[in-house]
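Some notes on the structure that comes next.
The values are calculated or read from the model by the stated rules, or taken from the named source; none is laboratory data. Here the structure is a predicted model, which means the values were calculated and not measured. Note that we place each Cβ from the backbone using ideal geometry, even for glycine, and neighbour counts take in every protein chain shown.
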Amino acid sequence: MKLLDRLERRFGRYAIPNLPKYIIILYVIGAALELFVPGAYAAFLALNPYQILHGQVWRLVTFLLCPPTNSILFLIFVMLFYYYVSQALEQSWGSFRFDLYILTGVIGTIIAAFLLYAFSGSPLIYMDTGYLNLSIFLAYAAMYPNQVVLLYGLIPIRVKWLGILDGVMLLVSFIQGGWSARVSIVVAMLNFLVYFLLTRNTAPYTPKQLHRKREFRQSVRRAEPSANPNVARHKCAVCGRTEKDDPNLEFRFCSKCDGNYEYCQDHLFTHQHIHPQAGGRENL
């Protein structure tokens, strides 16, 4: 089983559904703050290791308020497009994997900022999540290279060409930017590359699969041993056996059955598929 599968099985219940919506809310707050109190973000909220080590620990969280751009009109288009891309990734990966991608990028940015400060000693080290946002679009371009979007709402273009343009812009920023920009780009790209190396053999989740995964997590929560030690987590829809009858039994859901039906190893490949809307069962 892959690392991400093991992590999702253990920590998937803590995933935050619709995380892109909350990220957009943070950007709106940051943009409004910069509009009404110019300079407040850099002075009090930005990720600055020197200030954090001198007591301003809130910066470890508040740096997430940094909006993608200072132009209000352009910000609206950027946030709408960012929300669209992030929602597509969350629907394809599932909430846990998308949340993990964002979390590792944020933690990597914080660690990189402190490492850069440790080596340079400069109190003027500032980093944000701008390049992490670009890596999110790269992830979308890698997942859906032939998807057509309307550039500026008018020009149809395949996402892969925008992804290539994104990569060129990152390369130019790496060459021309300072060390903070270079380190931020490296962190964002490492997050992107490591994640896709871990998921290179997995296909995107379909909406039906995501619905069944949510149903499964809800059924597991209802059957938590801590809540009721006598309730089994798994039950075969054919023979009714549970893991309490035989701890060595393995249980799986059937992808061809309509509904949340689970089968033991003896009946997974021998049961009749259930299609309630079609009027009954279907032989294997």
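Give the residues of the range 86-110 that are under 22 Å from residue 63 (Cα atoms) and either of a type in the set (A, V, I, L, M, F, W, C) or out of contact with any helix residue (DSSP H, G or I) (no Cβ under 8 Å at 6 or more places or on another chain) (or both), sorted by residue number.
Initial filter on the range 86-110 (under 22 Å from residue 63 (Cα atoms)): 86, 98-110.
98, 100, 102, 103, 106, 107, 110, listed by residue number.
Residues that are part of a helix (DSSP H, G or I) and at pLDDT 85 or above occur in the range 189-199; there is at least one. Set side by side, the residues 29, 16 differ, and just one is at pLDDT 85 or above, under 19 Å from the mean Cα position of the chain (by Cα) and within 26 Å of residue 111 (Cα to Cα), which is 16. Of the residues making up the range 156-197, those that are among the small types (Gly, Ala, Ser) and over 22 Å from residue 46 (Cβ atoms) number 2. Candidates in the range 47-97 are the residues that are in contact with a strand residue (DSSP E or B) (Cβ under 8 Å, 6 or more places away or on another chain) and among the aliphatic types (A, V, I, L, M); of these, the one that is surrounded by the fewest Cβ atoms within 10 Å (Cβ to Cβ) is 60.
For the range 169-180, does any single residue satisfy the condition of being touching a residue at least 60 places away in the same chain (Cβ under 8 Å) and surrounded by fewer than 13 Cβ atoms within 10 Å (Cβ to Cβ)?
Within the range 169-180, the subset touching a residue at least 60 places away in the same chain (Cβ under 8 Å) is 179-180.
Okay, now just the ones that are also surrounded by fewer than 13 Cβ atoms within 10 Å (Cβ to Cβ), so 179.
The answer is yes; a qualifying residue exists.
Of these, 32, 42, which one is farther than 25 Å from residue 119 by Cα, among the hydrophobic types (A, V, I, L, M, F, W, C) and assigned by TED's automatic domain parsing to the domain that holds residue 93? Can you show your working first?
Details: 42 fails: farther than 25 Å from residue 119 by Cα.
When all the criteria are applied, what remains is 32.
Kindly establish whether residue 90 is in a helix (DSSP H, G or I), more than 20 Å from residue 183 (Cβ to Cβ) and under 16 Å from the mean Cα position of the chain (by Cα). So residue 90 passes the test.
Within the range 79-119, no residue satisfies the criterion of being without any contact (Cβ under 8 Å) to a residue 24 or more places away in the chain and either touching a Pro at 6+ places or on another chain (Cβ under 7 Å) or outside the structural domain of residue 140 (by TED's automatic domain parsing) (or both). Can you confirm whether the range 29-41 contains a residue that is touching a Lys or Arg at 6+ places or on another chain (Cβ under 9 Å) and not charged (D, E, K, R)? Scanning the range 29-41, I find no residue that is touching a Lys or Arg at 6+ places or on another chain (Cβ under 9 Å) and not charged (D, E, K, R), so the answer is no.
Being farther than 30 Å from residue 4 by Cα, touching a helix residue (DSSP H, G or I) at 6+ places or on another chain (Cβ under 8 Å) and among the aliphatic types (A, V, I, L, M) holds for only one residue in 45, 134, 65, 60, and it is 45. Taking the stated definitions as given, is residue 122 under 23 Å from the mean Cα position of the chain (by Cα), modelled with pLDDT of 85 or more and among the hydroxyl-bearing types (Ser, Thr, Tyr)? For residue 122, the condition - under 23 Å from the mean Cα position of the chain (by Cα), modelled with pLDDT of 85 or more and among the hydroxyl-bearing types (Ser, Thr, Tyr) - is not met.
Looking at residue 105, is it within 30 Å of residue 10 (Cβ to Cβ) and modelled with pLDDT of 85 or more?
yes
Each residue in the range 159-174 was checked for being over 21 Å from the mean Cα position of the chain (by Cα) and basic (Lys, Arg), and 0 pass.
As a summary of the residue check, residue 254 satisfies the conditions (1) over 20 Å from the mean Cα position of the chain (by Cα); (2) at pLDDT below 75; (3) not aromatic (Phe, Trp, Tyr) except for the one numbered (2).
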